[in-house]
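What follows is a single structure, written as structure tokens, with notes after it.
Rule-based calculations on the coordinates, nothing more; no lab input. Every value quoted in this text rests on a predicted model; they were computed, and no experiment measured them. Heads up, the Cβs are rebuilt from the backbone with ideal geometry, glycines too, and the neighbour counts pull from every protein chain shown.
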């Protein structure tokens with residue numbers, strides 16, 4: 001009988017109390033070994049080279065070398081999966097760390113069963129993701145998309161299409177690549193359900209707003225949808241849309257697996273907008289979103305999915321693809337351009353062109 005793979009973890013934090021807590025949580029788990037503790041980023045960088053861990057937990061504010069610099073150096077020298085374990089006050093920094101190469105961000109856990117279990121689950125999940133060492137370059141350049149006259153596309157001030165994006169692990173990085181490609185005159189609302197630890201959504205929304213031409217905000221109860229606005233679901237509530245174009249936030253229940261629910265958002269948009277709903281499912285672990293994409297497909301809307309090669313984890317999107325409810329599977333770099341095609345052709349025209357093999 002083959003023994004399960006041993007996950008070797010390096011803990012990085014300047015607080016001995018925090019390191020001790022993370023070690024205590026991990027050492028209670030079978031198949032996980034803490035192979036070292038680093039007090040700052042410079043020490044972590046040296047230990048990554050010497051010990052070759054399967055995963056590094058990384059705090060951000062540390063002396064000598066902070067977590068941001070350490071992540072960048074690790075990704076340029078010997079890339080390994082990095083899980084940012086930080087306080088809620090570091091939320092905006094945490095998402096910049098994702099841009100630099102970290103895989104996910106989680107709040108520093110308390111020694112409670114639920115928080116400890118979430119931390120361990122992230123360690124197990126992320127430790128198996130293959131990483132590619134980054135080439136150094138002066139700046140990140142987004143793919144160039146031909147300019148589009150958005151006001152020529154939409155002849156009236158009210159929007160028609162509503163775009164919904166579902167994502168989980170790897171999603172913040174994917175959103176940071178996708179959304180900045182859209183022009184400030186994008187003529188439709190964009191709604192996002194991104195699985196997230198409580199306390200980090202506002203930081204992610206602000207981080208994305210610094211990267212995008214479009215305004216990005218956390219959705220609020222009762223808001224009327226506006227074209228060209230990006231709405232991010234809070235993690236403590238499920239974002240849904242009513243037939244009167246209003247946001248309705250549903251409380252998360254104890255039985256709910258995913259926070260927030262991609263399925264609930266996708267299904268509500270399918271119900272409210274029918275053939276004018278456009279669902280996009282990105283990288284992520286689990287099955288959330290497949291049923292919602294099926295609802296949009298059943299109502300005559302358009303469904304797009306990120307492909308396996310460009311996904312951190314081909315899970316949620318794979319479930320939707322395997323269910324046969326995705327009209328087109330695309331690399332992440334091509335999804336923004338595809339959104340523009342849907343706007344230009346209108347969903348019915350877009351689907352007709354797909355059937356004729358013209359896209």
Problem set entry | Whether the stretch 281-356 is rounded, prolate or oblate, judged on the alpha carbon gyration tensor where a/c under 1.5 counts as rounded | oblate
Problem set entry | Spin-label zone in the stretch 72-103 - amide nitrogen under 18 Å from a point set 7 Å from the Cα of residue 115 along the C-beta vector | 84-91
Problem set entry | Fewest-first ranking of 159, 186, using other Cβ atoms within 10 Å as the exposure measure | 159, 186
Problem set entry | Angstrom value of the Kirkwood radius, inverse mean 1/r, which spans all Cα pairs in the stretch 181-269 | 13.2
Exercise. Roughly speaking, what is the stretch gain from residue 209 to residue 254, that is 0.36 nm per residue apart minus the C-alpha to C-alpha distance, in nm to one decimal?
Worked result: 13.1 nm
Exercise. So what's the projected area for the stretch 7-127, the Cα convex hull averaged over all directions, in nm²?
Worked result: 6.3
Seminar exercise, completed: Expected max-MSF residue from 18, 309, 219 in the GNM of the chain (alpha carbon, under 10 Å) is 309
Exercise. Tell me, Kirkwood radius of the stretch 210-359 from alpha-carbon pair distances, in Å?
Worked result: 15.9
Exercise. Quick one: what does P(r) look like for the chain with 20 Å bins over all Cα pairs, in whole %?
Worked result: 30, 55, 15, 0
Exercise. Once fully extended, how much extra length lies between residue 33 and residue 333, figured as 0.36 nm per residue of separation less the alpha-carbon to alpha-carbon distance?
Worked result: 104.3 nm
Problem set entry | Stretchable slack from residue 6 to residue 50, in nm (0.36 nm times residue separation minus alpha-carbon distance) | 14.1 nm
Exercise. Between Rg and the Kirkwood Rh of the stretch 240-286, both from Cα atoms, what is the Rg to Rh ratio?
Worked result: 0.99
For this session: Quote the FRET efficiency, to the nearest 0.05, computed for residue 341 versus residue 124 with a Förster distance R0 of 30 Å and r equal to the Cβ-Cβ distance.
Result: 0.15
Problem set entry | Structure-based [θ]222 nm, the chain - -39500 (n - 2.57) summed over DSSP H runs of at least 4, per residue, nearest 500 | -11500 deg cm²/dmol
